[in-house]
Each structure stands twice: as C-alpha cells, then as structure tokens.
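Undergrad: Sharing a structure below in structure tokens format, with a few things to ask.
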Amino acid sequence: MGRQWQSRSFYLGYARGNGFGIRATNLDHDREGRVLRRKWVCDKQGSRREEYLTNKDRKRKPRLQTRQNCKACFSIGLDSNTLKYSVRVFMDDHSHKLATFREVSSHRSHRNLDEGDYAQIDAMGKNCIRGCQTFEYMVD
C-alpha cells in the first residue's frame, strides 16, 4: 500500500462489503511527523469498563451494550527502508453477527454523503420538500 489514506479507504470498502463498521485506534508518529503505525478495528471491538457495569448509584437506565470484544483489525506500518506502508496485521475474526447490505450504512464509518448528495438535498429544500421527506428519499 502506497499511502496511509489508501489503506483506510481499502479497509473501509472491505468493511462495507462484509457488513461491519470500523474505527481508528492506534497511531504512532516519528519526530518528523510521519505516521509509523496505524490500526483500524471493528466498531464492536472492546467492552465497557467494569465500573460502568457495576455502578449501584445509577440515576439513569444504562445504554445498550454495543461492544462485543470483536478481534477483527487491520494494521499498517511504515517500512523504514522503502518509506512505503505495508500491512502488518489483518484479522477477520468477528464475534458478532455481521450487518446485511441494507443495514451496513447505519454504521458510523459508512454514514457519509458525497457532493452529489448535498446538491440533491439542497435542490429538494429549495423546491419546498420537507427534511423528513428528503431523508426518506435518501434512505431508499
């Protein structure tokens, strides 16, 4: 992989095609500011802190558990000789059910609009189409 952002773009596309979302975790720089290592994980990686789960003085109902200790990750590192990024770790062990094609866009990492979408939203607003109708149109 030539550049760091190409790696993210690759893993984001892979995640979308396979039904999971991603988030960035580890990032290491050198003194010149170059990224030495970068790691992305499944958005269900990790778990809640123990003190959150055992809090007896809770005033509000706890949020639903979203983390499920998923081990899927993708890591790149900078080769000091060639100054190119290479894949260091690629794990595809998911401990949860993957999303379907229609559900995958609800993951935070896949919720983005391109310029065409923004133009369409703007045009619909100028033609007196309400926001909820525009949203419903964009989802379908």
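Undergrad: Kindly provide the set of residues from the stretch 106-138 that are in a helix (DSSP H, G or I) and either in contact (Cβ under 8 Å) with a residue 12 or more places away in the chain or in contact with a His (Cβ under 9 Å, 6 or more places away or on another chain) (or both), ordered by number.
TA: Keep residues of the stretch 106-138 that are in a helix (DSSP H, G or I), which gives 106, 108-110, 115-126, 131-138.
Once the filter is applied, which keeps residues that are in a helix (DSSP H, G or I) and either in contact (Cβ under 8 Å) with a residue 12 or more places away in the chain or in contact with a His (Cβ under 9 Å, 6 or more places away or on another chain) (or both), the stretch 106-138 yields Arg108, Ser109, His110, Asp117, Gln120, Ile121, Met124, Thr134, Tyr137, Met138.
Undergrad: State whether one or more residues within the stretch 38-47 are surrounded by 15 or more Cβ atoms within 10 Å (Cβ to Cβ), part of a loop (DSSP other than H, G, I, E, B), among the basic types (Lys, Arg) and in contact (Cβ under 8 Å) with a residue 24 or more places away in the chain.
TA: For the stretch 38-47, residues surrounded by 15 or more Cβ atoms within 10 Å (Cβ to Cβ), part of a loop (DSSP other than H, G, I, E, B), among the basic types (Lys, Arg) and in contact (Cβ under 8 Å) with a residue 24 or more places away in the chain: present.
Undergrad: Then there's this: Can you name the condition, by its number, that Lys71 falls short on among (1) out of contact with any strand residue (DSSP E or B) (no Cβ under 9 Å at 6 or more places or on another chain); (2) in a loop (DSSP other than H, G, I, E, B); (3) surrounded by fewer than 15 Cβ atoms within 10 Å (Cβ to Cβ)?
TA: (1)
Undergrad: Let me ask something additional. Tell me the residue from Thr54, Thr25, Thr66 that is over 13 Å from the mean Cα position of the chain (by Cα) and either surrounded by 10 or more Cβ atoms within 10 Å (Cβ to Cβ) or closer than 28 Å to Trp5 by Cβ (or both), please.
TA: Every option except Thr66 fails the conditions.
Undergrad: Looking at the structure I just gave you, is Phe10 hydrophobic (A, V, I, L, M, F, W, C), at pLDDT 90 or above, in the same structural domain as Val89 (by TED's automatic domain parsing) and buried (at least 18 other Cβ atoms within 10 Å of the Cβ)?
TA: So Phe10 does not fit the description; no.
Undergrad: Another question, if that's okay. Only one of (1) within 21 Å of the chain's Cα centre (by Cα); (2) under 18 Å from Arg88 (Cα atoms); (3) at pLDDT 85 or above is not met by Arg34, so which one is it?
TA: Going through the list (1) within 21 Å of the chain's Cα centre (by Cα); (2) under 18 Å from Arg88 (Cα atoms); (3) at pLDDT 85 or above, Arg34 breaks only (1).
Undergrad: Still on this structure: Going through the stretch 115-140 one residue at a time, which ones are more than 23 Å from the chain's Cα centre (by Cα) and among the hydroxyl-bearing types (Ser, Thr, Tyr)?
TA: If the condition is that a residue be more than 23 Å from the chain's Cα centre (by Cα) and among the hydroxyl-bearing types (Ser, Thr, Tyr), then Thr134, Tyr137 are the ones that fit.
Undergrad: Going by the structure shown, is Asn112 within 17 Å of the chain's Cα centre (by Cα), not assigned by TED's automatic domain parsing to the domain that holds Arg38 and not charged (D, E, K, R)?
TA: Working: within 17 Å of the chain's Cα centre (by Cα): yes; not assigned by TED's automatic domain parsing to the domain that holds Arg38: yes; not charged (D, E, K, R): yes.
Yes, satisfied.
Undergrad: Tell me, yes or no, whether the stretch 83-91 has at least one residue that is without any contact (Cβ under 8 Å) to a residue 24 or more places away in the chain, surrounded by 10 or more Cβ atoms within 10 Å (Cβ to Cβ) and among the hydroxyl-bearing types (Ser, Thr, Tyr).
TA: No, the conditions are met nowhere in the stretch 83-91.
Undergrad: Right, here's the next one. Looking at Thr82, Thr66, Thr25 in this structure, which one is hydroxyl-bearing (Ser, Thr, Tyr), over 19 Å from Arg111 (Cβ atoms) and either in a loop (DSSP other than H, G, I, E, B) or touching a Pro at 6+ places or on another chain (Cβ under 7 Å) (or both)? If you could, list the steps in order and put the result at the bottom.
TA: Details: Thr66 fails: over 19 Å from Arg111 (Cβ atoms); Thr25 fails: either in a loop (DSSP other than H, G, I, E, B) or touching a Pro at 6+ places or on another chain (Cβ under 7 Å) (or both).
The match here is Thr82.
Undergrad: Does the stretch 102-126 hold any residues that are among the β-branched types (Val, Ile, Thr) and more than 18 Å from Trp40 (Cα to Cα), and which are they?
TA: Within the stretch 102-126, the subset among the β-branched types (Val, Ile, Thr) is 104, 121.
Passing the criteria: only Ile121.
The values are calculated or read from the model by the stated rules, or taken from the named source; none is laboratory data. In this text the structure is predicted, and so the values were computed from the model without any measurement. All Cβ positions, even for glycine, are placed from backbone atoms using ideal geometry, and neighbour counts span all protein chains on display.
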